[in-house]
Amino acid sequence: MSFVGKNIRKLRTVKKLSQAAFAELFGLARPSVGAYEEGRSEPKMETLIQIAQHFGLSVDLLLTKELTVNELYHFDIFKEQLQQPVAAPAPVAKADKQPNVTPLVYRNRALEYIVRHHDPAFIDGLPWLQLPHQLAGPTRAFEVSGADMLLHRQGLRHQDIVLCSRIDKAKPRLKAGNVYVFVTQSKVLIRRLAERPEENQPLRLRADNPDYGSQELELQQALEIWEVKGVFTTHLRAPALLDERVAELERKVEELAERLDNR
């Protein structure tokens, strides 16, 4: 399996290049870049060599390893960004100050959010959702990607929107059984906390869908942690079979009680 498409997308995001700008760098058509990133085709070897040389990578690395944003910042082409003086703490985004309003991160902007989550101007440029009631502290809304948290038609569906409140990483109060959004160097991960972590121990996370295994995450690996407080969905779920049986049983008990009362 080649990772070149995913790596091209991450390179573009870190360097803030549009598909058109990236295509112009290497004499490509813009649709070709989209095809690479979606896995519908792969660059020719001469193009791969040009990309690798331009960004100070090896062709082998481009093809065989899915690079994280953190790894990309360690290559020569990005070192000038690390050598810049450390800026003062960024001001709080306007979006985080508005009551009953939260920025929305669509799944196709998750990688961009990882890179620029600390930038108030970027946060203010995201779409905003008006909430029916106020959540405590800074909030975010994330679009769900995949069926990791879906079991027997119950749970979070693909393209649902989860509404979240921020967890203070310095003093995290995490509860076993609750669902959280973990923003890491490589992905935005939605998982349920399997058990309350002991001090200095990794978090054990699980997906509600048993097809996805549980995993561990060191607290310092999380750039941000958000607790899921609600969900917006356009899927109207029919009652589960067990719910229907319980409802039928309740009706029969009520009928039986009424008959006994009438005797």
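Quick one: in segment 194-214, of everything that is under 16 Å from the mean Cα position of the chain (by Cα) and in a strand (DSSP E or B), which residue is nearest to L150 (Cα to Cα)?
Among those residues, the one meeting the criterion is R206.
Residues being in contact with a helix residue (DSSP H, G or I) (Cβ under 9 Å, 6 or more places away or on another chain), surrounded by fewer than 20 Cβ atoms within 10 Å (Cβ to Cβ) and at pLDDT 85 or above: count how many of those fall in segment 184-200.
2
The values are calculated or read from the model by the stated rules, or taken from the named source; none is laboratory data. The structure displayed is predicted, hence computed values, not measured ones. Neighbour counts run over all protein chains shown; Cβ positions are idealised from the backbone, glycine included.
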